[in-house]
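Q: Let me begin by handing over the structure; questions about it come next.
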Amino acid sequence: MPDVSFGNLLVVAAVAVLAPLVIGFFSRLRIPAVVLEIIGGIIIGPSVLGWVHVDLPVQILALFGLAFLLFLAGLEIDVHRLRGRLLRFAVLGYLVTLTLGYGAGASFTAAAWVSEPLLLAIALSATSLGLVVPVLKDAGQVGSEVGQSALAAASIADFAAIVLLSLFFSSSGGSTGSKVVVLGAFAGLVAVTGLVVSGAARSMRLGQVLLRLQDTTAEIRVRFAVLLLVAFTALAERFGLESILGAFLAGAIVALVDRDAASHPNFRTKLEAIGYGFLVPVFFVSSGVKLDLAGLLHSPSALVRVPVFLLALLLVRGLPALIGLRANGTRPTLALGLLQATSLPFIVTVTQIGVTLGKITPVTAAALVCAGLLSVLIFPLLALTLLRQGGPEPASGEAAPVPDAHLM
């Protein structure tokens with residue numbers, strides 16, 4: 001046995017259990033468990049109690065938790081239904097977001113808060129898809145025009161932000177031009193893999209074997225999904241790209257192939273149980289442990305960055321919602337802007353990569369994560385209030401993806 005201790009992992013696992021329990025007992029706390037997981041990590045980490053540090057077991061499981069989080073996010077993308085006018089609006093909105101984000105990044109660079117404007121623009125450009133869906137469901141707006149617009153915008157933002165992060169800020173180094181070539185080659189390999197997997201899925205003989213083994217201890221469909229996740233993650237690293245891109249695309253391939261779940265209705269539930277029941281909480285709790293809250297609180301000039309970053313998130317990601325003002329109306333558009341500006345998991349991911357690469361300081365990373373926490377606490381509640389003041393409207397355009405309510 002290797003000489004490792006599981007004491008730190010024990011405390012992390014305890015926080016992962018307590019966070020949803022607190023929300024369960026106090027149902028009026030309409031906040032995602034991920035917020036309490038990060039706050040719990042801050043409390044048990046060096047910033048407050050100092051009970052836990054990120055040792056080898058926690059680090060490995062947190063890394064795999066991040067990969068599984070992106071895999072599950074990719075699993076929510078339905079490329080078959082993402083098209084037409086909603087797709088055009090979503091792409092245009094994301095381009096506006098990047099433009100505004102780069103302007104904000106340049107301003108913060110001039111203030112010496114960040115050293116890479118593009119990294120901040122990418123950090124502010126994503127939308128937390130899994131936090132948007134519950135709000136739309138609570139308001140009965142999933143099938144409405146604004147609901148479909150929100151889902152389309154979040155899907156495009158998640159995918160584009162991950163690609164841009166991998167392209168411009170991969171820890172492997174290399175020029176942007178070479179990374180474009182590598183990204184093209186990797187995309188080609190992903191496409192070929194998708195075709196092979198899709199062809200195999202249509203095999204009658206293989207289908208019979210999968211059906212026989214899927215609910216036994218073999219759990220063969222889950223094992224295939226994990227194999228694809230690990231393979232794409234390893235390939236992305238081998239190609240010099242960020243591993244999260246491989247994990248995200250692995251989930252998208254599974255979603256593309258697994259369109260008919262009639263013969264295996266529990267497949268995705270099992271994957272979510274592995275991710276959200278075990279690995280993903282370790283990532284978020286450990287992110288809280290590593291958050292430099294002490295450095296943020298000890299510097300008033302650093303603490304003021306939190307509301308400024310929160311305002312930047314609202315403007316950069318919320319203003320593009322005005323593109324659909326004529327189609328959606330005033331209140332739904334305001335709600336759409338608030339939903340688009342709701343982001344946390346991707347901000348946590350970007351800040352960790354930025355700190356590793358030396359592009360942002362731990363104090364700035366902590367301020368960005370705190371701004372993301374506030375966006376999750378404030379924006380969805382405001383959006384829900386606006387949406388409930390108007391009845392749901394049926395979508396007039398093509399449908400965007402309607403995923404389950406998860407984190408990304």
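The values are calculated or read from the model by the stated rules, or taken from the named source; none is laboratory data. Everything numeric in this text was worked out from a predicted model, so none of it was measured. Cβ sites come from the backbone with ideal geometry, for glycine too, and all protein chains shown count toward neighbours. These area figures cover heavy atoms from the full protein model, side chains too; ligands, DNA and RNA do not enter into them. Shrake-Rupley method; radii C 1.70, N 1.55, O 1.52, S 1.80 Å.
Q: Restricting to region 324-345, name every residue that is open to solvent by 10 Å² or more (accessible area, probe 1.4 Å), closer than 20 Å to SER128 by Cα and over 20 Å from the mean Cα position of the chain (by Cα).
A: PRO332, LEU334
Q: Additional query: Being open to solvent by less than 40 Å² (accessible area, probe 1.4 Å) and within 21 Å of LEU69 (Cα to Cα) narrows it down to one residue among ALA234, ALA160, ALA187; which is it?
A: It is ALA160.
Q: Read through the list (1) touching a Pro at 6+ places or on another chain (Cβ under 6 Å); (2) open to solvent by less than 20 Å² (accessible area, probe 1.4 Å); (3) among the charged types (D, E, K, R), then give the number of the only condition that ARG317 fails.
A: Status for ARG317: all satisfied but (1).
Q: Next question. Need the failing condition index for PHE89 against (1) buried (at least 24 other Cβ atoms within 10 Å of the Cβ); (2) closer than 23 Å to LEU151 by Cα, just the number.
A: Of everything listed in (1) buried (at least 24 other Cβ atoms within 10 Å of the Cβ); (2) closer than 23 Å to LEU151 by Cα, PHE89 misses just condition (1).
Q: If LEU229 meets every condition in (1) within 17 Å of the chain's Cα centre (by Cα); (2) within 29 Å of GLY184 (Cα to Cα); (3) modelled with pLDDT under 90; (4) not small (Gly, Ala, Ser) apart from one, which number is that one?
A: Condition (3) is where LEU229 drops out.
Q: Another question, then. Among the candidates ARG212, ARG238, single out the residue that is under 28 Å from THR351 (Cβ atoms) and at pLDDT 80 or above.
A: Answer to the selection: ARG238.
Q: Could you pull out every one of the helices (runs of 4 or more DSSP H) wholly within region 26-132 that has 3 or more residues that are small (Gly, Ala, Ser) and under 30 Å from ARG223 (Cα atoms)?
A: 56-75
Q: Considering only region 249-264, I want to know if a residue exists there that is within 28 Å of ALA14 (Cβ to Cβ), open to solvent by less than 20 Å² (accessible area, probe 1.4 Å) and not acidic (Asp, Glu).
A: no
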